[in-house]
Structure formats: structure tokens, C-alpha cells
Amino acid sequence: MELIRGLATFEKSSHLVKNSVDQMRQEKEWFGSFVAEEDGKIIGAAIYFFGYYTWVGKSLYLDDLYVRPEYRRKKVGTMLLKRVFEFAKQENCKRLRWQVLGWNRDAISFYEKHGATIDDEWLNCDFDEDGIERFLKSDPR
């Protein structure tokens, strides 16, 4: 959770973190993770889940890739990303997908350096729990 909060702070979105360790324990079958450690301290993490895309099939979605600032530019992110790619191949995934914020030029450069295609056409459509409830209660006309 400390790394998740660190990522949210970096992304200027810490107020949006609603998850907790207890919730993650209850929902552990819905995601997986890889961590990088140094001297017993977690210094980076990649959190993923499986998805299905009708055009390609079974896929892996990389939800978070975060390395503590003091460990960046030391190949930690590359190591984590490589482990995610290995896992996607091992699991016979047809696609590996993730998002990057448009203002995060360092991350965009990192991903492009590794051959990622950055799509600037598709936009996210999100509903939080309250939004789901409002939608379900709305007049369908």
C-alpha cells in the first residue's frame, strides 16, 4: 500500500485511493504482483490482472508500475517490466496493455525506449461505486 500511495501522490491523485490492505487481501484472486527488493525493503512493484479483449483474446493489464524515486534510473523498472512480459508470455497472453499519463514524459520515454506503442486516440470511461449506483437508478429513457 505504501508504494500504491506513493504512485498516487506522484500522479497527483492521492485523494482517489480508496483501497486498503484488508480489501486487497479479500480480493487477492483478482490481481497479481511482482516486487523488487533491496535489503528486505520493497523498492518497486508491478501490479497486474488478466483481461479479455474481443479483438485479440486473453490479455494482461499492467495496472501499476512504480519504483521509489531514489531507485529510478537503476534498471529496477526495466527488471519489473521484463518480469511482467515473461509472465504474459508464460500465460499465453495475446496482448499486454497499460496506461501512462500524458504529462509523464519520463515514463512515456521509458516505454517507447522499450518499444511500446503509445495510443493517443482512446479515452478512459470510468464510473466509481457511486457512479455505478447513480447509473443503475437513472431513468432509462
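The values are calculated or read from the model by the stated rules, or taken from the named source; none is laboratory data. Because the structure is predicted, anything quoted here is derived from the model rather than measured. Every residue, glycine as well, gets a Cβ built from its backbone with ideal geometry; the counts of neighbours run over all protein chains shown. We work out accessible area using only protein heavy atoms, side chains counted, and drop any ligands, DNA or RNA first. Shrake-Rupley method; radii C 1.70, N 1.55, O 1.52, S 1.80 Å.
Applying both filters, DSSP loop and at most 14 other Cβ atoms within 10 Å, to the chymotrypsin sites (Phe, Trp or Tyr not before Pro) of region 60-115 gives Trp103. Excluding Lys137 itself, what net charge comes from residues whose Cβ is under 15 Å from its Cβ, given Lys and Arg +1 and Asp and Glu -1? Spelling it out: positives minus negatives among the neighbours equals -3.
The residues of the chain present an accessible area of 78 Å² per residue when probed at 1.4 Å with all protein chains retained. For the residues Lys113, Lys89, Lys18, a GNM of the chain with alpha-carbon springs under 10 Å puts the largest fluctuation on Lys18. With helices as the sole contributors, the chain gives -10000 deg cm²/dmol at 222 nm; each DSSP H run of n ≥ 4 counts as -39500 (n - 2.57), and the sum is divided by every residue. Across Asp119, Asp106, Asp128, mean-square fluctuation computed from a Gaussian network of the chain (C-alpha pairs under 10 Å connected) peaks at Asp128. Quick check: the distance between the Cα centres of region 77-141 and region 37-70, to the nearest angstrom? Using only Cα atoms, the two centres lie 10 Å from each other. Measuring with a 1.4 angstrom probe and ignoring ligands and nucleic acids, Asp120 comes out at about 150 Å² accessible.
Loop only by DSSP, 14 or fewer other Cβ within 10 Å of the Cβ. Give me the GluC sites (Glu not before Pro) in region 76-141 that pass, ordered by residue number. When the GluC sites (Glu not before Pro) of region 76-141 are filtered for loop state and at most 14 Cβ neighbours within 10 Å, Glu91, Glu121 remain.
Shape of region 38-122 from the C-alpha gyration tensor: oblate (a/c of 1.5 or more and a/b not above b/c, with a ≥ b ≥ c the square roots of its eigenvalues). First compute the accessible area of the chain with a 1.4 Å probe, then give the percent of it belonging to carbon and sulfur atoms. So the carbon and sulfur contribution to the accessible surface is 52 percent. Partner lysines whose Cα lies under 26 Å from the Cα of Lys18, excluding those fewer than 8 positions away in the same chain, are identified as Lys28, Lys41, Lys137.
Highest GNM mean-square fluctuation among Gly77, Gly51, Gly131, for the chain modelled with Cα contacts below 10 Å: Gly131. For the chain, the longest principal axis of the Cα atoms and the long axis of helix 76-90 meet at an angle of about 60 degrees.
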